[in-house]
Amino acid sequence: MRCPYCAHLQDRVIDSRAANENRSVRRRRECLKCRRRFTTYESIEEISMMVVKRDGRRESFDRNKVISGILKACEKRSVSLQQVEDLVDKVERELQKKYEKEIPVQAVGELVMEKIHKLDEVAYVRFASVYRSFKDINQFMGELKDLLNKK
């Protein structure tokens, strides 16, 4: 590992521990030349999942797109960035378990809606209104009634 301070190639590992729910390893290192310490993270390089869009196009799963959509739905709500990242971690893990390489876009949207519903009901309604593209107020009201009946 190259030292970020002096670019020396030799270091020693001071401490190792699991990180990100055991999905990576955090290592604390010390450069053998300049003696400065730095942290590295090791994780398994996962095969890129492809999302199959409604029109049949395929594109790489983009975690940042999912985060962006959820953050828009959570605007002015008491939902932290950490909660959003945890939600997206759960979504990614479930998708990886259920699908090998290609994921229908509907599966991503439905799973996000399921998770966001547990996080914040207002954010859920906002996300659902964009994701489901309600055609009129009656469809929107139907979704709200379903939400209220589940309480």
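The values are calculated or read from the model by the stated rules, or taken from the named source; none is laboratory data. For clarity, every value in this text was computed on a predicted model and none was experimentally measured. Here the Cβ positions follow ideal geometry from the backbone for every residue, glycine too, while neighbour counts run over all protein chains shown.
Just give me the residues in the range 54-68 being surrounded by 12 or more Cβ atoms within 10 Å (Cβ to Cβ), in contact (Cβ under 8 Å) with a residue 12 or more places away in the chain and out of contact with any strand residue (DSSP E or B) (no Cβ under 6 Å at 6 or more places or on another chain), in sequence order.
Passing the criteria: Arg63, Val66, Ile67.
Could you list, in sequence order, the residues of the range 118-142 that are in contact (Cβ under 8 Å) with a residue 12 or more places away in the chain, more than 18 Å from Asn64 (Cα to Cα) and not basic (Lys, Arg)?
Leu119, Asp120, Glu121, Val122, Tyr124, Val125, Ala128, Ser129 - these are the residues of the range 118-142 that are in contact (Cβ under 8 Å) with a residue 12 or more places away in the chain, more than 18 Å from Asn64 (Cα to Cα) and not basic (Lys, Arg).
Quick one: in the range 31-53, which of the residues that are under 16 Å from the mean Cα position of the chain (by Cα) and surrounded by 13 or more Cβ atoms within 10 Å (Cβ to Cβ) is nearest to Gln106 (Cα to Cα)?
Per the stated criteria, the residue is Val51.
Return the only residue of Glu75, Glu110, Glu100 being surrounded by 11 or more Cβ atoms within 10 Å (Cβ to Cβ) and out of contact with any Pro (no Cβ under 8 Å at 6 or more places or on another chain).
Going through Glu75, Glu110, Glu100 in turn, the sole match is Glu110.
Any idea how many residues of the range 19-38 are part of a loop (DSSP other than H, G, I, E, B) and either among the charged types (D, E, K, R) or at pLDDT 95 or above (or both)?
Step one: of the range 19-38, the residues part of a loop (DSSP other than H, G, I, E, B) are 20-23, 32-36.
Imposing the further condition that a residue be either among the charged types (D, E, K, R) or at pLDDT 95 or above (or both) reduces the set to 21, 23, 32-36.
Number of matching residues: 7.
Have a look at Glu100, Glu121, Glu94, Glu143 and point out the one that is in contact with a Leu (Cβ under 8 Å, 6 or more places away or on another chain), modelled with pLDDT under 90 and assigned by TED's automatic domain parsing to the domain that holds Arg58.
On the way: Glu100 fails: in contact with a Leu (Cβ under 8 Å, 6 or more places away or on another chain); Glu94 fails: modelled with pLDDT under 90; Glu143 fails: in contact with a Leu (Cβ under 8 Å, 6 or more places away or on another chain).
Sole residue among the options that is in contact with a Leu (Cβ under 8 Å, 6 or more places away or on another chain), modelled with pLDDT under 90 and assigned by TED's automatic domain parsing to the domain that holds Arg58: Glu121.
Being in contact with an Asp or Glu (Cβ under 9 Å, 6 or more places away or on another chain) and either among the small types (Gly, Ala, Ser) or exposed (fewer than 14 other Cβ atoms within 10 Å of the Cβ) (or both) is the filter here; which residues of the range 3-15 pass it?
Keep residues of the range 3-15 that are in contact with an Asp or Glu (Cβ under 9 Å, 6 or more places away or on another chain), which gives 3, 11-14.
Result: Arg12, Val13, Ile14.
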